[in-house]
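Quick notes on the structure that follows.
The values are calculated or read from the model by the stated rules, or taken from the named source; none is laboratory data. Everything quoted here is computed from the prediction, not taken from an experiment. Reconstructed Cβ throughout: ideal geometry from the backbone, glycine too, with neighbour counts over all protein chains shown. The area values use the complete protein model at the heavy-atom level, side chains included, leaving out ligands, DNA and RNA. Shrake-Rupley method; radii C 1.70, N 1.55, O 1.52, S 1.80 Å.
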Amino acid sequence: MKTVAAWSCVVGGMLWGLKPLYDWLVLGRRANTGYIASDFTDWIKFLFPFLCLGGLYVLFALYKGKVRKSVVILAAALVFNGLFHFFEIYFTGSGIPFGLLFLFSGTLLLLAGAGSLMIQLRGSQEIPRALGRSAEALFTVTLLFCLLPFLSGSLPERNLTPVMVLLMLLTGFIWAAMGAVLAGIVRKEASVKLGKSEV
């Protein structure tokens, strides 16, 4: 179960990161212009953050109380991000500010959760350093994403889309990296148990 959950995080993170790159390079979409769902990936992209919940399940299963608060905040962030993409596509034209309700809130929760996890993992001897670095990277990229609206006025229009795509790509790939690290921990844990059982 843990292995499947960890790999679901890898897959979800990869798809989450590649989707904006696909939109830009293949579909020719630009940042902040809006679009009507026209590609099959538009209808399923809300699932990508939900798949990353598998990584949080494994993280909590492995370290429980040490990461409880961070896992709860990050889980809420992923749910809010998934809900934003769901309502953005399936309830287009409703007039409800889904960006404010879900994307803005989800981004702030992601920032808070990544910061909390970064602090909780710092200096821990039990938890692999790669997880701590992933939390630091997630916090940094999310912070840059939060600052982008304030900096976009100073960016040339042609650079805004690549910058946004890069930040979203990094966000997804960081989740994928966390899932891969957790899958490695689970595999190592299973091999140790198997070795003990054979003794």
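Brief remarks follow.
- Cross-chain or 6+ apart pairs with Cβ under 8 Å, the stretch 1-28 first and modelled with pLDDT of 95 or more, then of a type in the set (D, E, K, R) and buried (at least 21 other Cβ atoms within 10 Å of the Cβ): Leu15/Lys45; Trp16/Lys45; Lys19/Lys45
- Residue that is most open to solvent (accessible area, probe 1.4 Å) [pool: residues in the stretch 110-139 that are part of a helix (DSSP H, G or I) and out of contact with any helix residue (DSSP H, G or I) (no Cβ under 6 Å at 6 or more places or on another chain)]: Arg129
- Number of the exception - Lys66 against (1) within 19 Å of the chain's Cα centre (by Cα); (2) under 29 Å from Val186 (Cβ atoms): (1)
- Count of the stretch 89-102 residues which are in a helix (DSSP H, G or I) and open to solvent by 50 Å² or more (accessible area, probe 1.4 Å): 3
- Residue list for the stretch 144-189, filter: at pLDDT 95 or above and polar (S, T, N, Q): Thr171
- Close pairs (8 angstrom Cβ cut-off, 6 or more residues apart or separate chains): of a type in the set (S, T, N, Q) in the stretch 136-152, in a helix (DSSP H, G or I) and buried (at least 17 other Cβ atoms within 10 Å of the Cβ) anywhere: Thr142/Thr107; Thr142/Leu110; Thr142/Leu111; Thr142/Ala114; Thr142/Thr171; Ser152/Leu160
- Residues in the stretch 57-88 that are among the β-branched types (Val, Ile, Thr) and surrounded by fewer than 17 Cβ atoms within 10 Å (Cβ to Cβ): Val72, Val79.
- Scanning the stretch 1-54 for residues that are crowded, with 21+ Cβ neighbours inside 10 Å, farther than 27 Å from Ser152 by Cβ and not β-branched (Val, Ile, Thr) turns up Ala5, Ala6, Cys9, Gly12, Leu51, Gly54.
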